[in-house]
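Chemist: First, the structure itself, so that you have it in front of you.
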Amino acid sequence: AAMQRFLGPLLCLWALRLPAGTGAAARGLDVASYRERVRAMFYHAYEHYLESAFPYDELRPLTCDGQDTWGSFSLTLIDALDTLLILGNVSEFQRVVNVLQEGVDFDIDVNASVFETNIRVVGGLLSAHLLSRKAGVEVEAGWPCSGPLLRMAEEAARKLLPAFQTPTGMPYGTVNLLHGVNPGETPVTCTAGIGTFIVEFATLSHLTGDPVFEDVARKALKALWKNRSDIGLVGNHIDVITAKWVAQDAGIGAGVDSYFEYLVKGAILLQDKELMSMFLEYNKAIKNYTKFDDWYLWVQMYKGTVSMPVFQSLEAYWPGLQSLIGDVDNAMRTFLNYYTVWKQFGGLPEFYNIPQGYTVDKREGYPLRPELIESAMYLYRATRDPTLLELGRDAVESIEKISKVDCGFATIKDLRDHRLDNRMESFFLAETVKYLYLLFDPDNFIHNDGSDFDVVVTPYGECVLNAGGYIFNTEAHPIDPAALHCCRKRKEEQWEVEDLMREFYSRKKTKKFTLKRPPDHDEEENAKDPEDASSEKAGWKRNSKKSSHSLLSCPSQSFNSKLAVLGQVFLDNT
């Protein structure tokens with residue numbers, strides 16, 4: 001029952017519809033206008049990256065040139081790819097897919113961050129692979145269980161596997177893409193760098209049929225769980241050889257953040273009760289030891305005593321995560337605390353001293369991070385509170401006023417005097433702009449409530465795709481959870497829902513039951529578009545009729561029924 005209470009609101013988040021006149025209209029905010037301003041922000045940054053920085057990883061907007069930062073992958077191009085589709089630009093999406101296939105090589109002598117390569121490169125390629133058919137790319141037979149972007153994601157992930165070959169199963173933080181882990185590599189890795197793989201690696205395992213990726217990700221997650229303190233907290237950095245905690249500060253921010261995020265998202269993606277139970281236990285300890293007046297401080301992981309009374313900008317993802325487990329009231333209170341900091345500075349400083357109400361020395365910058373906007377997007381889907389749109393408005397105004405330069409948008413080096421730094425991180429296009437756009441675009445396909453979906457025929461049977469419920473990785477790359485049920489290799493694992501339905505009908509002693517496909521698109525009144533025509537070559541059938549009642553709408557179905565749309569359900573026999 002507890003699991004249902006916490007996971008049930010996830011699907012309701014995306015399906016929620018409030019009466020006309022609520023939200024933005026009540027405050028007179030022109031949502032469409034801000035949406036178009038966000039679109040313009042994207043293209044100002046993206047086009048200058050192409051003109052001045054490609055094929056380097058990132059744009060340097062003050063000098064109008066480029067630099068490699070995380071491994072020489074043309075990283076901004078990979079990170080921006082699914083954003084292009086969310087903005088509706090299918091032609092550029094198709095062009096970039098071809099560019100990446102021809103130009104990106106992972107067999108290079110480069111030391112790369114295991115964490116960053118996973119969330120940006122592997123995550124970006126997986127998301128683009130799963131969205132490519134929607135973008136009009138002519139996919140190969142067997143998609144989504146095969147395809148060039150999937151093969152690229154798998155190649156990149158295999159380059160990371162040597163990092164996991166440790167006595168504890170916790171990975172090194174850096175790996176050489178050609179030679180593996182360097183002999184002198186430090187064994188000290190941050191907690192997030194260990195626990196932020198299950199979303200991408202489990203997706204890879206389910207699509208390719210190779211369990212190694214999910215296995216190593218799970219082993220790393222469980223190693224952190226095993227080494228939590230007696231009061232239920234984890235520290236910031238750990239030795240992956242000895243499992244000794246090197247930095248013992250416990251909190252929800254930098255160095256830890258996405259570990260907690262991936263326990264929740266991994267639980268939802270994989271319908272995994274164990275991962276959610278782990279998070280809920282952590283959540284109790286976090287509330288008991290780190291939460292004060294809806295702020296979250298840093299404490300000593302063994303004693304629970306306060307070590308740093310600061311708010312870090314990276315912590316602003318937490319209200320969004322709370323919304324995913326249904327804790328919307330607490331999420332809003334914490335969000336409003338963080339929003340006051342934004343209003344004070346026109347952005348979130350990296351560190352904010354809570355008792356003093358001001359920035360921390362040498363941590364005054366704002367590199368255009370997305371986390372507060374991310375939380376606003378999730379919470380707006382759950383509540384339609386117009387305050388959340390106001391944060392979006394303020395973000396657009398601040399970023400355009402302070403950060404915009406001739407060649408893009410520059411990191412704000414100091415929020416006190418608005419000095420700029422010569423860097424535009426790839427997450428600005430992958431996350432910040434994307435979450436802003438989705439906040440102002442309630443009808444985007446990402447927000448699909450399940451009333452529209454596609455059926456694809458794979459070598460292993462039929463499966464439903466694009467029904468909504470996308471899981472964003474920590475770089476805001478959306479993963480369709482239904483895709484994980486498309487490529488099961490073992491017969492006994494295929495189509496559990498079909499088997500359950502057949503069993504149900506046989507017990508009812510009805511006439512012979514046949515599972516029908518949704519009607520073919522050419523049976524409808526509207527003519528096919530080119531996307532539908534090309535899709536039939538890959539065995540694709542599309543259901544584009546809007547149902548009068550959503551499969552995922554909150555009031556109409558029980559919790560188990562809603563989750564059953566995407567596959568396996570939780571069973572609660574207690």
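Chemist: Which log10 I(q)/I(0) values does segment 402-477 give at q = 0.17, 0.21 Å⁻¹ under the Debye formula, counting every alpha carbon as one identical point scatterer?
Modeler: -0.81, -0.99
Chemist: Just round it to a whole percent: the fraction of Cα-Cα distances in segment 234-313 exceeding 21 Å.
Modeler: On the way: 992 of 3160 pairs.
Roughly 31 percent, rounded to a whole number.
Chemist: Per residue, what volume in Å³ does the Cα convex hull of segment 323-442 take up?
Modeler: Details: hull volume 12.8 nm³, N = 120.
Given the Cα convex hull of segment 323-442, per-residue volume reads 107 Å³.
Chemist: Round to the nearest 10 and report in Å² the accessible area of F445, as given by a 1.4 Å probe over the protein chains' heavy atoms.
Modeler: 40 Å²
Chemist: As a test question: what accessible area, to the nearest 10 Å², does W225 have when a 1.4 Å probe is rolled over all protein chains in place?
Modeler: 60 Å²
Chemist: Right, here's the next one. Relative to the present Cα-Cα distance, how much length would full extension add between S33 and Q101 at 0.36 nm per residue of separation?
Modeler: Details: separation 68, 0.36 × 68 = 24.48 nm, distance 3.57 nm.
Full extension of this stretch gives 20.9 nm more.
Chemist: While we're looking at this one, here's another question. So for the pair N444, R151, with labels modelled 7 Å out along Cα→Cβ, what separation do we get in nm?
Modeler: The two pseudo-label positions are separated by 3.1 nm.
Chemist: With a cap of 16 neighbouring Cβ atoms within 10 Å, and only residues DSSP puts in a loop, list the chymotrypsin sites (Phe, Trp or Tyr not before Pro) found in segment 239-325. All intermediate terms of the calculation are to be shown ahead of the outcome.
Modeler: On the way: sites: W245, Y259, F260, Y262, F279, Y282, Y289, F292, W295, Y296, W298, Y302, F311, Y317; in loops: Y302.
Answer in residue order: Y302.
Chemist: Hey, what's segment 323-442 come to in accessible area per residue, 1.4 Å probe, Å²?
Modeler: Details: 3830 Å² over 120 residues.
Roughly 32 Å² per residue, with all protein chains present.
Chemist: Same structure, new question: For Q344 and E140, what does the FRET efficiency come to when R0 = 60 Å and r is the distance between their Cβ atoms, rounded to the nearest 0.05? Spell out each step's value before the answer.
Modeler: Working: r = 52 Å, r/R0 = 0.87.
Efficiency at R0 = 60 Å is approximately 0.70.
The values are calculated or read from the model by the stated rules, or taken from the named source; none is laboratory data. Because the structure is a prediction, the values reported are computed rather than measured. Using ideal geometry, Cβ is built from the backbone for each residue, glycine included, and neighbour counts are taken over all protein chains shown. Ligands, DNA and RNA are excluded from the accessible area calculation, which covers all protein heavy atoms including side chains. Shrake-Rupley method; radii C 1.70, N 1.55, O 1.52, S 1.80 Å.
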